[in-house]
Amino acid sequence: MFTGLIEEQGTIAAITNINGGLEITVECSTIMNGLAIDDSVSIEGVCQTVIKRSESTFTVQAIEETLKKTTFGNLQPGMNVNLERAMLPTARMGGHIVQGHVDCVGTVDSVTALGTSHEIWISYPPEFAPYVVPVGSICVNGISLTVADVGNNCCKVAIIPHTWHVTTISSLQAGTYVNLEFDIIGKYVYSMLKAHLPK
């Protein structure tokens, strides 16, 4: 489990095609502290298992299902990615409950610079609209964010300067694809109530 609070930006060091999947090596520094083989790491909001590590890199293997549901197929060597280690049970829950299980790929509709912040509108397939509510939680490329407004199969998030500078969100522009994970509590509640909703 993760919180959506990004620990650092890493850099894609290498990508190797392996029988329909990808072996992805990431270079970083902060999260290497104590990182071991079999640990879980969130890369751009996608939970992955460490299969190899060196002093300054770790490697994961993204399978076909992951490539189908995320933006991992667009990764290229040299790209920066958001990184977070799995949370410790003794740590403060600063963000929200993030599983690293991407629900869908969304599309950035617009990015607007304001006086101190940035507003980003993101659209997603209509079947995911019930999971998005104003001032609820959403995870965008692994970043825990608050839904500022909701439109027709789209939502707005407001980005504070700190998040803009320490994550990859500053690289987004209209047309960029992003990994979206919706609030797990909302998904469970909707699933339980769906059987009783009018058809």
Add +1 for every Lys or Arg and -1 for every Asp or Glu among the other residues with Cβ under 12 Å from the Cβ of G95, and state the total. -3
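Contour minus end-to-end for N17 and E64, with contour as 0.36 nm per residue of separation and end-to-end as the Cα-Cα distance?
Extending this stretch completely gives an extra 15.8 nm.
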If the reach is capped at under 29 angstrom between alpha carbons, list the lysines near K194, excluding any in the same chain fewer than eight residues apart. K68, K69, K156
What order do you get for 155-166, 1-12 when each peptide is scored by the mean count of other beta carbon atoms within 10 Å, highest first? 1-12, 155-166
Compute, for the chain, the length of the dipole vector about the Cα centre, with Cβ point charges of +1 (Lys, Arg) and -1 (Asp, Glu) only. Units Debye, rounded to 20. 380
Here the convex hull volume per residue of the stretch 72-147, taken over Cα atoms and given in Å³, is 154
Under the 0.36 nm per residue contour assumption, what length would be gained going from the current alpha-carbon distance of H196 and C104 to full extension? 30.6 nm
Arrange D183, D38 by Cβ neighbour counts within 10 Å, fewest through most, would you? D38, D183
Gap separating the Cα centres of the stretch 175-190 and the stretch 90-145, nearest whole Å: 7
Per-residue ³J(HN,Hα) for the stretch 165-176, Karplus 6.51 cos²θ - 1.76 cosθ + 1.60, θ = phi - 60°, Hz, x for Gly and Pro: 8, 9, 10, 7, 5, 5, 8, 6, 8, 3, x, 5
List the residues whose amide H sits under 5 Å from the amide H of N153, counting only those 5 or more places along or on another chain, with H placed 1.01 Å from N in the peptide plane. none
How about K52: which aspartates and glutamates have a C-alpha closer than 13 Å to its C-alpha, ignoring those fewer than 8 places off in the same chain? E23, E27, D38, D39
On a 0 to 90° scale, report how tilted helix 184-194 is relative to the longest principal axis of the chain, with both axes built from alpha carbons and the result rounded to the nearest 10. 40
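Just so you know, all these numbers are worked out from the coordinates, no wet-lab data involved. Keep in mind that what you see is a predicted model, and the values were worked out from it rather than measured. Virtual Cβ from ideal backbone geometry, glycine too; neighbours counted across all protein chains shown.
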